[in-house]
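Working notes, beginning with the structure itself.
The values are calculated or read from the model by the stated rules, or taken from the named source; none is laboratory data. Here the structure is a predicted model, which means the values were calculated and not measured. Here the Cβ positions follow ideal geometry from the backbone for every residue, glycine too, while neighbour counts run over all protein chains shown. In case anyone asks, the SASA skips ligands and DNA or RNA and just uses the protein heavy atoms, side chains included. Shrake-Rupley method; radii C 1.70, N 1.55, O 1.52, S 1.80 Å.
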Amino acid sequence: QVQLVESGGGLVQAGGSLRLSCAASGRSLSNYAVGWFRQAPGKERETVAAIRWSAGSTYYADSVKGRFTISKDNFRNTVYLQMNSLKPEDTAVYYCATRRGSIVVVAAEYDYWGQGTQVTVSS
């Protein structure tokens, strides 16, 4: 079983930056993909970005390309989401999740989830 803890959310003005962290414990992530997802009130959960641990391959939603960067720290078993040029529409609860194998963009395909961290972007 993999345990995930997100941190780094907060309140920021439009145009600002935040870095989210997803710390994993319990198992090595060598054969896993890790994704970042977000859900705003009244909206469906959206896949934001994902990374395959071993290969380093990445996925980004069109809405965040060029603004968000997903990365990993092998020693700390931690995945980061650097969010720049934040917009009010980025406001949501952000979750990280893992699955064994390749990157998949469907949230339901992920097995282990963190508790979420709130990101609020003001106008």
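Overview of results
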| item | result |
| --- | --- |
| Per-region count, segment 51-67, residues more than 14 Å from Glu89 (Cα to Cα) and touching a Ser or Thr at 6+ places or on another chain (Cβ under 7 Å) | 4 |
| Pairs where the first residue, in segment 27-44, is assigned to a loop (DSSP other than H, G, I, E, B) and the second is hydrophobic (A, V, I, L, M, F, W, C), C-beta under 7 Å, 6+ apart | Arg27/Val2; Leu29/Trp53; Ser30/Trp53; Ala40/Ala92 |
| Condition met for Arg76 (closer than 16 Å to Gly26 by Cα, in a strand (DSSP E or B), open to solvent by 20 Å² or more (accessible area, probe 1.4 Å) and of a type outside the set (Ser, Thr, Tyr)) | no |
| First in segment 98-118 and open to solvent by 20 Å² or more (accessible area, probe 1.4 Å), second anywhere and of a type in the set (Lys, Arg), Cβ under 8 Å, 6 or more apart | Ser102/Arg52; Ile103/Arg52; Ala107/Arg45; Glu109/Arg99; Asp111/Arg99; Asp111/Arg100; Tyr112/Arg99 |
| Residue that is surrounded by the fewest Cβ atoms within 10 Å (Cβ to Cβ), among those in segment 20-58 that are basic (Lys, Arg) and in contact with a Lys or Arg (Cβ under 9 Å, 6 or more places away or on another chain) | Arg45 |
| Per-region count, segment 45-55, residues without any contact (Cβ under 8 Å) to a residue 40 or more places away in the chain and assigned to a strand (DSSP E or B) | 1 |
| Qualifying residue in segment 56-66 (condition: part of a loop (DSSP other than H, G, I, E, B), within 16 Å of Val2 (Cβ to Cβ) and over 12 Å from the mean Cα position of the chain (by Cα)) | no |
| Out of Val12, Val2, Val34, sole residue that is β-branched (Val, Ile, Thr) and modelled with pLDDT under 95 | Val2 |
| Count of segment 14-32 residues which are over 14 Å from Asp73 (Cβ atoms) and touching a Leu at 6+ places or on another chain (Cβ under 8 Å) | 5 |
